[in-house]
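Working notes for the structure below.
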Amino acid sequence: MTKRVVTLAHYYTQPEIQQMADKVGDSLELSLYAKEAQADIIVFAGVRFMAETAKILNPQATVMLPDAGSTCSLVTQTDVAELTQWRKRYPDHVHVSYINSSAEHKAVSDWIVTSRNVDDIIAHLYAEGKKVIFSPDRNMGGYLNDQYGYDMPLWSAVCEVHDKFNETALSEAFAAVPGDKYLIAHPESPLPVLKKADYVGSTSGMLNWVKNYQGSAKAVIFVATEDGILYNMGLARPDLDLRQAPIYAGCQCNSCPYMKMNTIEAVKRAQQGLGLEIDYLTPTQMDAARVPIERMLEFSQRYYA
């Protein structure tokens, strides 16, 4: 019997990788798709925590990561033993963790969120009278505290890509554009950048903002996120002047080195069963990590259906 192979690709992978995929999306879209895929083999062209999430949701499937080195700084900057001790300092708080985290991290969390649903889930918890601690992304947590007046204690890790965006370079880029200009930004960016943004949202949220843009065709739209999404935005709106936000004067060159490890050759090998198989998670780890992920998915299916 032929095995069903499903290839998933994140928006931040190269265009040629996205063209090899059965589904392209952001973390939430791919998590939902992985859960429903009923595949024998899932090839995840992304980074390791994404492949781990797919395995947790599909324990019966073989999940392949094209390159074993494709990690994430939010994972490498978080020692789970230290995180566990930090969590114990807030026994009456709900621990909300961003999906950009390891399986071990998820296993000591109460809820998982993505950049698309984090606002709604945390607002839901506060509406229920809960207190919240947030990990691992301090930029995202800091933005939520600033925007909504929360006082969430925050873990201190950052996305090494988004953390490079800075207000000074952005102000200089804005000054060089005489007409209308806009900034849309991912919430992993630093707070001074986010406070200048016309829209802050997930990768899919930013893509939808561009698709629905009705302003001047001569405007410049700066995008503060990994450069991979510029491909999808350009396909959707080739009429717009879309530019990645600079990280220093004159540089529009901010790529995730881990996403770019998903080469054509590596993805082809993974489709043949070669690469890193996500086979190191124990049933106990997967069961513990699945609980907060399922909470998120149930919430998302209820509120975003």
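The values are calculated or read from the model by the stated rules, or taken from the named source; none is laboratory data. All values reported here derive from a predicted model rather than from experimental measurement. Neighbour counts run over all protein chains shown; Cβ positions are idealised from the backbone, glycine included. Keep in mind that these areas ignore ligands, DNA and RNA; they rest on the heavy atoms of the full protein, side chains included. Shrake-Rupley method; radii C 1.70, N 1.55, O 1.52, S 1.80 Å.
Points to keep in mind about this one:
- Across the range 283-292, coupling constants 3J(HN,Hα) worked out from phi with the 6.51/-1.76/1.60 Karplus curve, θ = phi - 60°, read x, 5, 4, 5, 4, 5, 6, 5, 4, x Hz, and Gly and Pro carry x.
- DSSP bridge pairs, the chain: antiparallel proportion in percent, nearest 5: 10
- The label point for E172 and the one for I264, both projected 7 Å from the Cα toward the Cβ, are 3.7 nm apart.
- Qualifying GluC sites (Glu not before Pro) for the range 61-142 [loop in DSSP, other Cβ within 10 Å: at most 15]: E128
- Restricting attention to the range 167-255, close to 10% of DSSP beta bridges with both partner residues there are antiparallel.
- Shape category assigned to the chain from the gyration tensor of Cα positions, a/c cut at 1.5: oblate
- Accessible surface calculations at 1.4 Å, restricted to protein heavy atoms, place the range 44-191 at 36 Å² per residue.
- Surface composition of the range 167-255: carbon plus sulfur atoms contribute 50% of the solvent-accessible area (1.4 Å probe, protein chains only, all chains present).
- Spatially, the range 137-154 and the range 254-272 are offset by 33 Å when compared through their Cα centroids.
- For a label point 7 Å along the Cα-to-beta-carbon line of K195, residues of the range 120-147 with backbone N under 18 Å: 138-147
- Magnitude of the charge dipole for the range 167-255, about its Cα centre and with charges confined to Cβ atoms of Lys, Arg (+1) and Asp, Glu (-1), is about 180 debye.
- Pair D241, N208: separation of 7 Å Cα→Cβ label points (nm): 2.8
- For the range 98-106, Karplus couplings with θ = phi - 60° (6.51, -1.76, 1.60), whole Hz, Gly/Pro x: 5, 5, 6, 7, 6, 4, 5, 5, 4
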